[in-house]
């Protein structure tokens, strides 16, 4: 397994273990772009981390499942599609937007 594939494996494990904030800090590029469904893209690691912290503070549980992933080792780029379910503090499921 090459270096990128090993890092992606570690990243995926952190996300499925609800360690998303740590994963963003350790693995995301400073110029990352994240987009959820039809929302406007969030640009930059600082903005993405702040948005994720705000979201996590409102929920009691997060369940993540990797749906699809493409790794371009030559370009050192990874594209991932996740299904993420949040449970708020009142135990109501909140679908990811």
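Among the candidates 39, 6, 61, which residue alone is exposed (fewer than 11 other Cβ atoms within 10 Å of the Cβ), closer than 22 Å to residue 85 by Cβ and over 13 Å from the mean Cα position of the chain (by Cα)? Steps first, please.
On the way: 6 fails: closer than 22 Å to residue 85 by Cβ; 61 fails: exposed (fewer than 11 other Cβ atoms within 10 Å of the Cβ).
Matching residue, one of 39, 6, 61: 39.
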| request: May I ask you to list the residues in segment 1-49 that are free of Cβ contacts under 8 Å to residues at least 12 places away in the same chain, farther than 25 Å from residue 75 by Cβ and touching a strand residue (DSSP E or B) at 6+ places or on another chain (Cβ under 9 Å)? | output: 17
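Every read-out reported here was derived from the displayed coordinates using simple, explicitly stated rules and does not represent laboratory data. Remember, it's a predicted structure, so these values are computed and weren't measured experimentally. When we count neighbours, we look across all protein chains shown, and the Cβ atoms used for this are built from the backbone with ideal geometry, even at glycine.
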